[in-house]
Amino acid sequence: MAAKDGSGLYYGWIIAVASGVILLVTNGMTLGGLNVFDKPLLESLSQAAGEPVSLAGLKARDAITLAVSGLMAPLAGAAADRFGVRPLMIIGAILLSAGYFLYSTADSLSDIYAIHVLFASALATCGLVVNVILVSRWFVKDRGLAMGIALAGTSLGNGTLPPLNAALMAEVGWRSAFAWTSLLPLLLIPVILFVIRERPADLVAQQPAADSRGGSPKTTNSLALGAALRTGNFWVLALIAMFTFFSIIGTQAHLNLYMLGRGFSQMDAGFSYTVLFYLGLLGKIASGFLADRFGRKRVFVSTLAIMSAGAVSLTLPGLEVLWLGLVLFGLGWGGLYTLLQLLAADFFGPRHLGKILGAITVLDTLGGGLGPPLIGAIRDSTGSYDNAFVLVSGLVIAALLISTRFRLDRPVPGTIARDAP
């Protein structure tokens, strides 16, 4: 008896789509959807302070979000392993809603920094790690495609919310736009309560899922956190995540202002996020599908090659090259994002995946947290984004070289733990 809904569809696909919806909201609201408010925020904060507020000072909020969420990730991963993901998701949705409402009243950088501690808590409890754990529990076969579908929600959110927020802000002002948008995370709570199930056995109480796409009732091999830390693959994935998270988080954090500085309108600047993240959406789904059929490492390295080409294109003059760079950068990043989670789930196994992903997240959020303020500081000091995008290109190319060191061989016997179903 398989874990299926009334139509005969394997329920894991519903889980993958639901995870995508959750990531659409959590990532879209804390990353791309937030950046379209930068210009009025800087003006309002500067007026309240009686002196100009620097771009680097504002973008330090992103470092706070990523640093705090990175530090919380191991704890959240361990809690998800022990207590399940649903309680954490509900807490995260409430925290995200509260943070957006408080943004509508913010008058200082200290207010914003405090709000981003809430955002960090929301991402740790309702973001990437818990959703990867959830999908990994439901899939063995077709895990790549399922992971791609779920992670496509991050690109869909970051591509959809910026132009919507820009349009809402134009109608009601930035403070009211924040207040109205704060209702969106609360709509996730019914999805979490009535759609999300922790594992196939929760849907079929008397018998675990036998569908070949889901987790098998047989035991599977998993590495404990200590054993994972002693593998080269852990550090390959962690370093690649750190370098590329710096690049993508830093780029998307400044893309709105970069486009405005190149002479584009606010709506065009919002549309640049649609290009970047919708191509990321395509990359996430396509890479998962291709990885299931043509091999993980081949697709892994290819996504970094595409992302590198996009990063280099962003350093070149010309509007056509800029749009091409966004296409390649988004497509490559989307594919890489799926492969990082997929390779971790495959190589390290499901039992301690929350702790291991949490440990990787500490490093990737270190890189991601440095991206926005460091790029902002380069922009403030030089008056240009040129040197910042050269740095981004160098880091992505370094990640490409490191990716060739990933080993597909299985863990050394004796370092594994046997998982119960």
Residues within the range 392-407 that are part of a helix (DSSP H, G or I) and either among the β-branched types (Val, Ile, Thr) or in contact with a helix residue (DSSP H, G or I) (Cβ under 8 Å, 6 or more places away or on another chain) (or both), tallied: 10
Residue that is surrounded by fewer than 21 Cβ atoms within 10 Å (Cβ to Cβ) and among the aliphatic types (A, V, I, L, M), where the choices are 36, 85, 25, 53: 53
Name the single residue, out of those in the range 268-309 being in contact with a Phe, Trp or Tyr (Cβ under 9 Å, 6 or more places away or on another chain) and of a type in the set (D, E, K, R), that is surrounded by the most Cβ atoms within 10 Å (Cβ to Cβ). 284
Checking the structure you have, find out if any residue of the range 14-24 is at pLDDT 90 or above and touching a Phe, Trp or Tyr at 6+ places or on another chain (Cβ under 7 Å). yes
Result of the Cβ filter at 7 Å on the range 348-360, keeping first residues that are farther than 11 Å from residue 238 by Cβ and surrounded by fewer than 22 Cβ atoms within 10 Å (Cβ to Cβ) and partners that are modelled with pLDDT of 80 or more and of a type in the set (S, T, N, Q), at least 6 apart or interchain, is 350/136
Can we say residue 80 is more than 30 Å from residue 172 (Cα to Cα) and touching a residue at least 60 places away in the same chain (Cβ under 8 Å)? yes
Exclusive hit being buried (at least 19 other Cβ atoms within 10 Å of the Cβ), within 16 Å of the chain's Cα centre (by Cα), part of a helix (DSSP H, G or I) and not basic (Lys, Arg), set 368, 376: 368
Just to verify a result, which residue in the range 379-392, among those that are buried (at least 22 other Cβ atoms within 10 Å of the Cβ) and out of contact with any Phe, Trp or Tyr (no Cβ under 8 Å at 6 or more places or on another chain), is modelled with the lowest pLDDT? 389
Among the residues of the range 97-142, how many are under 25 Å from residue 345 (Cβ atoms) and either in a helix (DSSP H, G or I) or among the small types (Gly, Ala, Ser) (or both)? 19
Among (1) in a helix (DSSP H, G or I); (2) within 30 Å of residue 138 (Cα to Cα); (3) aromatic (Phe, Trp, Tyr), there is one condition residue 389 misses while meeting the rest; what is its number? (2)
Within the range 223-258, can you find the residues that are crowded, with 22+ Cβ neighbours inside 10 Å, at pLDDT below 85 and within 13 Å of residue 344 (Cα to Cα)? 223
When every residue in the range 183-197 that is of a type outside the set (A, V, I, L, M) and in contact (Cβ under 8 Å) with a residue 24 or more places away in the chain is compared, the one farthest from residue 126 (Cα to Cα) is 197
Whichever residue in the range 309-326 is under 16 Å from residue 249 (Cα atoms) and of a type outside the set (Gly, Ala, Ser) and, among such residues, is farthest from the chain's Cα centre (by Cα): 314
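The values are calculated or read from the model by the stated rules, or taken from the named source; none is laboratory data. The model shown is predicted, which means the values in this text are computed figures rather than measured ones. Cβ atoms come from the backbone with ideal geometry, glycine included; neighbour counts cover every protein chain shown.
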